[in-house]
Amino acid sequence: MRHHDGPPADLAVVGAGPAGMAAAVEAARAGLAVVLVDSGARLGGQYYRHAPEGFHARRPGALHHGFRRFTRMAAALDASGAEVRLGRRVWAVEKVTGPGEDDLVAVHCLAGERDERRETVLARRLLIATGAHDRPLPFPGWDLPGVFTAGGAQALLKGDLVVAGRTVVVAGTGPFLLPVAAGLAAAGARVAGVFEANGRFGLAPAVLAHPGKLVEAAGYARRLAAHRVPYLGRHAVVAAHGGDELTHVTVARLGRDWTPGARRTIECDALAVGYGFVPQIELATQLGCATRGGGDGPAVVVDEGMRTSVPGVYAAGEPTGVGGAELAEVEGGIAGRALAADLGRDAGRAPGSARRRAALTAFAAAMTRAYPVRDGWQGWLLDDTLICRCEEVPYARIKEARALGATDARSLKLLARPGMGWCQGRMCGYAVARLAGEDPAPPRRPIAQPVRLGDLAGEPGPPDFAGPPEPAGRPDFAAGEDPR
Amino acid sequence: MADVVVVGAGVVGAACAYYAARAGLSVTVVDRGAVASGTTGAGEGNILVSDKEPGPELELSLLSNRLWRELADLGGFEFEAKGGLVVAETPEILDALTALAGKQELHGVRHTPVAAGELHGYEPHLAHGLAGGAFYPQDAQVQPMLAAARLLQHAPGAVVRTGVTVTGLLRDGDRVTGVRTDHGDIAAGAVVNAAGTWGGEVAALAGLDLPILPRRGFVLVTEPAAGRLGVPLVRHKVYTAAYVTDVASDSAGLSASAVVEGTPAGPILIGASRERVGHDRTTSIPVLETLARQAVALFPVLAARRVIRAYCGFRPYCPDHLPVIGADPRAPGLYHACGHEGAGIGLAPATGHLIAGLLTGAAPAFDATPFRPERFAA
């Protein structure tokens with residue numbers, strides 16, 4: 001372990017979404033010196049993504065469920081004394097020893113956009129609140145301009161006030177499709193249909209037990225009905241078509257295992273498609289934190305105080321299992337108080353937060369059960385369908401690699417290159433794992449974000465006259481793909 | 001019953017299976033993972049003769065080099081006879097490099113001395129101020145995972161069973177007569193231990209001590225980087241003469257000397273850190289920084305290129321830095337083909353060729369006694 005001499009903060013929080021903000025507020029209020037870093041230009045993460053002030057959005061919260069909560073939390077953060085550093089992309093975290101030979105964590109960031117530079121935050125404790133990223137499934141035409149991840153379409157709308165298209169189809173699985181469709185309809189798009197691959201009411205029993213969620217679901221249903229948006233269960237978009245850009249999609253009825261049946265086409269110029277979310281946990285795996293499988297993919301194991309298996313490292317929000325903004329905020333609060341207590345401060349008490357966490361976690365588990373991804377999607381693939389867009393790996397090459405002896409996801413990657421490109425398998429990792437017949441393994445990404453060799457070398461690189469080179473085949477990451 | 005069971009579907013096991021099957025033996029290959037999922041899958045694909053001092057490993061690598069050129073006709077694993085450029089930072093290092101190249105030449109390693117002023121004819125983007133170097137035309141590169149897979153594919157009649165873990169050896173007295181696995185027993189006339197970094201564990205199943213330990217290496221991978229007019233930014237395998245001393249070093253701490261090379265897929269690979277830290281996969285930022293510094297020192301143009309990923313693997317090394325190849329007299333029927341440290345890709349065909357010769361009783365291509373398994377016994 002190497003030695004660092006800088007004065008450490010008490011706590012570094014990575015991710016300024018609901019979990020990170022809540023934790024920073026609690027910890028800073030209790031007297032900890034907190035540094036909160038986020039890759040975005042504004043607070044809020046994906047859930048509270050909002051337009052910059054220059055956009056003069058008349059009612060910045062109109063697109064948001066619970067935006068008032070966000071403005072309250074932002075004000076609390078401001079008052080708490082926590083130091084906020086935005087526009088920092090964290091590419092690695094590392095255990096180091098500090099001036100008194102005490103264990104510290106070094107959070108290695110890249111600051112700035114074009115003229116990026118290295119910046120390291122030293123802290124006695126680390127909270128990983130890095131959220132989740134979209135989980136897309138490949139299908140013919142998913143690489144056409146006009147096809148967005150559901151999170152990407154939502155982020156465009158919330159962050160840039162841009163409507164993805166004039167006529168939009170929303171497809172995939174899970175309740176997240178509803179706010180996406182409702183938001184697009186409210187912003188003036190014609191939503192030609194919402195196609196849920198599972199049953200529409202799979203979550204009904206759990207929702208009934210959770211009055212808040214019932215009100216929320218009813219609200220979306222009402223708004224979709226007001227815009228006459230059809231909402232069909234057991235249907236999926238199995239192909240997207242168009243020359244240079246999207247012109248129409250093929251929608252198929254699905255069997256129980258998602259085998260496609262009767263098909264029809266729908267004209268549209270945008271498609272928002274999402275099959276859930278994957279916890280973003282590579283900073284935790286860099287440090288060797290224990291993970292567990294199941295649910296929406298590998299998640300970080302934490303105890304009742306959000307402590308991971310690695311001393312001094314905590315996790316809250318989606319990295320501990322996808323559960324939504326409300327659960328993330330509760331977990332952030334728990335983490336902030338536990339951190340304060342662990343560092344000898346009086347964090348006060350929040351009676352009932354453990355119970356709320358348990359209830360919301362149970363709800364999230366019910367959601368995962370109600371909206372699984374069935375392997376029948378593999379029947380949508382054609383030989384030339386790209387599985388990995390970064391490395392332009394078509395399905396045929398995956399089959400060839402399997403014939404060569406690739407029997408698991410890692411050897412598929414080694415023999416056919418899916419996941420070796422720019423996004424390091426964030427986009428295709430789930431699909432490749434399932435094509436290998438296994439559940440996704442915890443990510444191994446020793447470098448979480450692209451970093452210039454000159455910066456990695458620790459010396460300023462020469463100016464990048466041509467601007468950042470655009471590698472061939474780099475996918476157009478919709479904003480929701482923001483891999484914090 | 002198979003004539004031979006090969007334990008390990010990495011590049012060394014694949015080469016053993018390939019040459020044994022070509023010699024007419026029936027071969028079964030087992031691996032607890034998938035094809036090339038161990039150290040082969042973390043390799044850069046180096047086929048180097050330039051980095052070896054005269055001695056048994058150099059002889060092995062020269063035979064291997066010839067065999068790789070034959071195997072290249074099988075196709076499908078990105079064989080590139082690109083040559084290696086070894087550069088010297090100072091006149092003193094250049095003198096040492098020139099002396100080494102002269103000795104290597106006597107054993108069949110060809111090289112061209114490169115004066116300081118000629119370096120940029122080989123590598124236009126190389127740093128200025130280097131003292132000179134040597135170009136080794138025999139150095140080559142393969143995509144190691146595909147190479148292992150293709151060798152297995154072209155091994156006539158070989159049965160490859162992945163996801164099968166060897167849990168014990170079948171014995172008849174001292175004799176090894178097959179393997180016990182979590183998917184049942186496989187009887188065989190001979191067992192080849194090609195388990196790489198885990199070769200010591202397989203030997204232990206026979207009650208034998210084989211001191212093979214992991215030596216961790218990190219590799220950095222850049223975004224695809226073509227130079228002007230689509231000419232690769234880095235044309236050869238390029239490394240500093242310090243690499244040779246690092247390979248032979250006994251240091252447990254970090255030693256690193258960057259080997260920089262382009263790939264047909266576009267990215268540039270920067271490799272060759274060496275550390276003894278067991279099988280620890282925890283990211284070591286100082287190691288990544290050292291590799292980056294050395295790569296940028298060789299090719300300043302790389303400073304503006306992005307590293308898009310990094311990975312680590314574990315080289316199987318023996319205390320004397322030589323591989324273990326041959327029949328084990330302590331357990332008749334058991335053969336070892338492991339412990340190749342960072343040179344497994346390069347040395348695989350010669351290893352497989354030697355093992356196949358031992359299995360069939362053919363005359364060996366050269367004296368393999370320096371690699372004998374029992375050499376470590378006290």
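Overview of results
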read-out: Filter pass, residue B:118 being in contact with a strand residue (DSSP E or B) (Cβ under 9 Å, 6 or more places away or on another chain) and at positive phi; value: no
read-out: Of all residues in the stretch B:272-300 being among the basic types (Lys, Arg) and away from chain A (no Cβ under 11 Å), the one that is farthest from residue B:233 (Cα to Cα); value: B:276
read-out: Subset of the stretch A:258-307 (residues that are more than 30 Å from residue A:238 (Cα to Cα) and more than 14 Å from every other protein chain (Cβ to nearest Cβ)); value: A:292, A:300, A:301, A:302, A:303, A:304, A:305, A:306, A:307
read-out: Within the stretch A:424-448, considering residues that are more than 27 Å from residue A:118 (Cβ to Cβ) and hydrophobic (A, V, I, L, M, F, W, C), the one farthest from the other protein chains (Cβ to nearest Cβ); value: A:431
read-out: Candidates A:385, A:407 - the one that is modelled with pLDDT under 95 and not small (Gly, Ala, Ser); value: A:407
read-out: Matching helices (runs of 4 or more DSSP H) fully within the stretch A:311-423 where at least 1 residues are farther than 30 Å from residue B:225 by Cα and within 14 Å of chain B (Cβ to nearest Cβ); value: A:395-403
read-out: Condition check for residue B:356: within 11 Å of chain A (Cβ to nearest Cβ) and open to solvent by less than 10 Å² (accessible area, probe 1.4 Å); value: no
read-out: Sole exception among (1) open to solvent by 20 Å² or more (accessible area, probe 1.4 Å); (2) free of Cβ contacts under 8 Å to residues at least 24 places away in the same chain for residue A:108, by number; value: (1)
read-out: In the stretch A:117-152, residue farthest from residue A:241 (Cα to Cα) [restricted to those that are open to solvent by 10 Å² or more (accessible area, probe 1.4 Å) and charged (D, E, K, R)]; value: A:124
read-out: Residue within the stretch B:172-192 that is modelled with pLDDT under 95, more than 30 Å from residue B:292 (Cα to Cα) and small (Gly, Ala, Ser) present; value: yes
read-out: Residue in the stretch A:197-217 that is closer than 18 Å to residue A:169 by Cβ and open to solvent by less than 30 Å² (accessible area, probe 1.4 Å) present; value: yes
read-out: From B:73, B:51, residue being away from chain A (no Cβ under 14 Å) and free of Cβ contacts under 8 Å to residues at least 40 places away in the same chain; value: B:73
read-out: Long-range neighbours under 6 Å by Cβ, at least six apart or interchain, first residue touching a residue at least 60 places away in the same chain (Cβ under 8 Å) and within 7 Å of another protein chain (Cβ to nearest Cβ) within the stretch B:301-312, second polar (S, T, N, Q) and open to solvent by 10 Å² or more (accessible area, probe 1.4 Å); value: B:309/A:424
read-out: Residues of the stretch B:113-154 satisfying the condition of being part of a helix (DSSP H, G or I), open to solvent by 30 Å² or more (accessible area, probe 1.4 Å) and within 14 Å of chain A (Cβ to nearest Cβ); value: B:150, B:153
read-out: Selection within the stretch B:113-149 - in contact with a Lys or Arg (Cβ under 7 Å, 6 or more places away or on another chain) and more than 14 Å from residue B:85 (Cα to Cα); value: none
read-out: Residue in the stretch B:88-101 that is of a type in the set (D, E, K, R), within 27 Å of residue B:135 (Cβ to Cβ) and assigned to a loop (DSSP other than H, G, I, E, B) present; value: yes
read-out: Strands (runs of 3 or more DSSP E) within the stretch B:263-345 that include 1 or more residues surrounded by fewer than 24 Cβ atoms within 10 Å (Cβ to Cβ); value: B:268-274, B:306-317, B:324-327
read-out: Tabulated pairs, the stretch A:351-366, first among the basic types (Lys, Arg), second open to solvent by less than 30 Å² (accessible area, probe 1.4 Å), C-beta under 7 angstrom, 6+ apart or interchain; value: A:356/A:330; A:357/A:327; A:357/A:330; A:357/A:331; A:357/A:334
read-out: Filter result for residue B:233 (at pLDDT below 90, buried (at least 21 other Cβ atoms within 10 Å of the Cβ) and over 19 Å from residue B:351 (Cβ atoms)); value: yes
read-out: Unique residue being without any contact (Cβ under 8 Å) to a residue 12 or more places away in the chain and out of contact with any Gly (no Cβ under 7 Å at 6 or more places or on another chain) when the list is B:99, B:23; value: B:99
read-out: Count - residues of the stretch A:297-309 that are free of Cβ contacts under 8 Å to residues at least 60 places away in the same chain and assigned to a loop (DSSP other than H, G, I, E, B); value: 6
read-out: Selection status of residue B:78, part of a helix (DSSP H, G or I) and touching a residue at least 24 places away in the same chain (Cβ under 8 Å); value: no
read-out: Tally, over the stretch A:260-285, of residues that are free of Cβ contacts under 8 Å to residues at least 12 places away in the same chain and among the aromatic types (Phe, Trp, Tyr); value: 0
read-out: Among (1) among the aliphatic types (A, V, I, L, M); (2) within 12 Å of chain A (Cβ to nearest Cβ); (3) open to solvent by 10 Å² or more (accessible area, probe 1.4 Å), the one test that residue B:14 misses; value: (3)
read-out: Entirely in the stretch A:178-292, the helices (runs of 4 or more DSSP H) that have 3 or more residues that are farther than 30 Å from residue A:313 by Cα, modelled with pLDDT under 95 and more than 20 Å from the chain's Cα centre (by Cα); value: A:204-208, A:211-226
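Yes/no per residue for (1) under 30 Å from residue A:271 (Cβ atoms); (2) out of contact with any Pro (no Cβ under 6 Å at 6 or more places or on another chain); (3) assigned to a loop (DSSP other than H, G, I, E, B); (4) free of Cβ contacts under 8 Å to residues at least 40 places away in the same chain:
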residue: A:104; (1), (2), (3), (4): no, no, no, no
residue: A:137; (1), (2), (3), (4): yes, yes, yes, no
residue: A:145; (1), (2), (3), (4): yes, yes, yes, no
residue: A:151; (1), (2), (3), (4): yes, yes, no, no
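The values are calculated or read from the model by the stated rules, or taken from the named source; none is laboratory data. For clarity, every value in this text was computed on a predicted model and none was experimentally measured. Glycine also receives a Cβ, built like all others from the backbone with ideal geometry; neighbour counts cover every protein chain displayed. Only protein heavy atoms, including side chains, enter the accessible area calculation; ligands, DNA and RNA are left aside. Shrake-Rupley method; radii C 1.70, N 1.55, O 1.52, S 1.80 Å.
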